[in-house]
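So the structure is just underneath, and the comments pick up after that.
The values are calculated or read from the model by the stated rules, or taken from the named source; none is laboratory data. Remember, predicted model here, so these are calculated numbers, not experimental data. When we count neighbours, we look across all protein chains shown, and the Cβ atoms used for this are built from the backbone with ideal geometry, even at glycine.
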């Protein structure tokens, strides 16, 4: 069961075992990867940035993500359409669609991007409890 959505940067940091991902989050992801959803919007963002040379990732990234055990979170038409009704707190189209998914699915987002909390969604960063993500809203 998906307990939280991973934003693109924390996903990449988790895959690379990058120390910029807070240790508590990294440990929880390693212990229960199935509790973290990877949205198709994140793969879309990575594919676009890879194609224009802004990111270097393995050719088999989708397979690697699946093998780790992350949940796949598909994009729905309802979520895509909801983006058009959202205020412009954030101009990044990938983040806006991820926020629409979080709202629709009532899930927190693991992200260091404080601007996401302007949408009144739960944003997880640095703080987790024993049962999984412990969402908090950034001020």
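Find the residue count for region 2-20, including only residues that are surrounded by fewer than 24 Cβ atoms within 10 Å (Cβ to Cβ), touching a helix residue (DSSP H, G or I) at 6+ places or on another chain (Cβ under 7 Å) and outside any helix (DSSP H, G or I).
Count: 3.
Would you pick out the residues in region 84-113 that are loosely packed, with under 12 Cβ neighbours inside 10 Å and assigned to a helix (DSSP H, G or I)?
Selection gives 84, 85.
I'd like the residue in region 21-32 that is outside any helix (DSSP H, G or I) and either out of contact with any helix residue (DSSP H, G or I) (no Cβ under 6 Å at 6 or more places or on another chain) or in contact (Cβ under 8 Å) with a residue 12 or more places away in the chain (or both) and, out of all such residues, is surrounded by the fewest Cβ atoms within 10 Å (Cβ to Cβ).
Ranking the candidates gives 32 first.
Scanning region 33-63 for residues that are assigned to a helix (DSSP H, G or I) and in contact (Cβ under 8 Å) with a residue 60 or more places away in the chain, which turns out farthest from the chain's Cα centre (by Cα)? Explain how you work it out, then say what you get.
Initial filter on region 33-63 (assigned to a helix (DSSP H, G or I)): 33-35, 40-51, 61-63.
When the remaining residues are screened for being in contact (Cβ under 8 Å) with a residue 60 or more places away in the chain, the result is 35, 41.
Working: 35: 12, 41: 9 Å.
Restricting to residues being assigned to a helix (DSSP H, G or I) and in contact (Cβ under 8 Å) with a residue 60 or more places away in the chain, the top hit is 35.
If a residue must be out of contact with any strand residue (DSSP E or B) (no Cβ under 8 Å at 6 or more places or on another chain) and more than 12 Å from residue 6 (Cβ to Cβ), how many such residues does region 26-44 contain?
4
Can you tell me which residue within region 64-83, out of those that are surrounded by 15 or more Cβ atoms within 10 Å (Cβ to Cβ) and assigned to a loop (DSSP other than H, G, I, E, B), is farthest from the chain's Cα centre (by Cα)?
The residue in question is 75.
Give the number of residues within region 100-120 that are touching a helix residue (DSSP H, G or I) at 6+ places or on another chain (Cβ under 9 Å), without any contact (Cβ under 8 Å) to a residue 40 or more places away in the chain and within 18 Å of residue 71 (Cβ to Cβ).
Of the residues in that region, 3 qualify.
Regarding residue 86, is this residue touching a residue at least 12 places away in the same chain (Cβ under 8 Å), over 16 Å from the mean Cα position of the chain (by Cα) and more than 22 Å from residue 27 (Cβ to Cβ)?
Yes; evaluated as a whole, the condition is true for this residue.
Consider residue 53 against the criteria (1) at pLDDT 95 or above; (2) touching a helix residue (DSSP H, G or I) at 6+ places or on another chain (Cβ under 6 Å); (3) farther than 19 Å from residue 4 by Cα: it satisfies all of them except one. Which criterion is unmet?
Condition not satisfied by residue 53: (2).
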